Amino acid sequence: MAAAACLHYGTPASIKIQQKQQPTRNWMMMQGLRRGNDVEKHKAIAIYTPHEGGYEGRYLNRLRYLGYYFLDLSARGLGDPETTLTKVYPVCPAHLGKQPIARWYFPPEVDYRLAALPPSAKGLVVWIIEAKVLSKSELQFLALLPTLRPKVRVIAECGNWRKFMWKPLKEIAGLTQEGAA
């Protein structure tokens, strides 16, 4: 009986309490959809993530939910981005002395992945980690890649920050008036 009295204790019946209405969507999902629209608007963005990580994966999952497919690359092993992503490029494996020097040719990564996309896909996101080591001309090519291949979007991890933030890659690469000033 005492427990039942505790449940009804507190607010008099004369005071009407308005309950907080639950939002129709989760706040984080709304943020993810808004950022997804930013990827559509700018086509190439530079992201800055906290050191503890986790934000990249959540953002990737939101974009996957929107219908994108991914090509994950590290900037340290990329070489020349224009050649690797859009042209047939040779690779010379190391030989161990008496073996003949070989040269293998690989197809362009972006075109190969675009050809393999299902028709229902919204596009291909080229996700470049450690992009802080890329030169300005390489960042400029990545910023212009969506104009060369319209179904391609570029996300480059250009550094770390206290919170998850992003900027258009054209601004980081110096292709806009704000970046040049």
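Using the Kirkwood radius over Cα pairs, work out the Stokes-Einstein diffusion coefficient for the range 73-139 at 10 °C and 1.306 mPa s, in µm²/s as a whole number.
113 µm²/s
Give me, ordered by chain and number, the residues 5 or more places off Gly123 or on other chains with an amide H under 5 Å from its own placed amide H.
Correct list: Tyr69.
Along each principal axis of its Cα atoms, how long is the range 31-92 end to end? Whole angstroms, biggest number first, please.
Over the range 31-92, Cα extents along the principal axes are 44, 27, 18 Å.
Calculate how many DSSP beta bridges within the range 51-181 are antiparallel, expressed in % of all such bridges and rounded to the nearest 5.
Antiparallel bridges: around 20 percent, rounded to the nearest 5.
Taking the Cα centre as origin and putting +1 on Lys and Arg beta-carbons and -1 on Asp and Glu beta-carbons, what dipole magnitude results for the range 27-181, to the nearest 20 debye?
So the dipole magnitude of the range 27-181 works out to roughly 280 debye.
Checking the a/c ratio against 1.5 first, then a/b against b/c, what shape does the Cα gyration tensor give for the range 125-181? All intermediate terms of the calculation are to be shown ahead of the outcome.
Values: a/c = 1.58, a/b = 1.13, b/c = 1.39.
Note, shape of the range 125-181 comes out oblate.
Counting only protein heavy atoms and using a 1.4 Å probe, what share of the accessible area of the range 48-181 belongs to carbon plus sulfur, as a whole percent?
About 55 percent, which is the carbon plus sulfur part of the accessible surface.
Using amide H atoms built in the peptide plane, which far-off residues or other-chain residues are under 5 Å from Trp161 H to H?
Thr49, His51
Starting at the first residue of the range 99-116, write each ³J(HN,Hα) from the Karplus equation 6.51 cos²θ - 1.76 cosθ + 1.60 with θ = phi - 60°, in whole Hz, x for Gly and Pro.
Ordered by residue, 3J(HN,Hα) equals 7, x, 6, 9, 9, 10, 10, 10, x, x, 4, 5, 5, 4, 6, 5, 5, 8 Hz.
Taking a 1.4 Å probe, which of Asp72, Asp80, Asp111 shows the most accessible area, and what order do the others take after it?
Result of the area sort, largest leading: Asp72, Asp80, Asp111.
Using a probe radius of 1.4 Å on heavy atoms only, what accessible surface per residue do you get for the range 59-165? Whole Å² is fine.
Working: 6300 Å² over 107 residues.
Counting only protein heavy atoms, the per-residue value for the range 59-165 is 59 Å².
The values are calculated or read from the model by the stated rules, or taken from the named source; none is laboratory data. Remember, it's a predicted structure, so these values are computed and weren't measured experimentally. Glycine gets a Cβ as well: all are built from the backbone with ideal geometry, and neighbour counts include every protein chain shown. All accessible areas refer to the heavy atoms of the entire protein, side chains included, with ligands and DNA or RNA removed. Shrake-Rupley method; radii C 1.70, N 1.55, O 1.52, S 1.80 Å.
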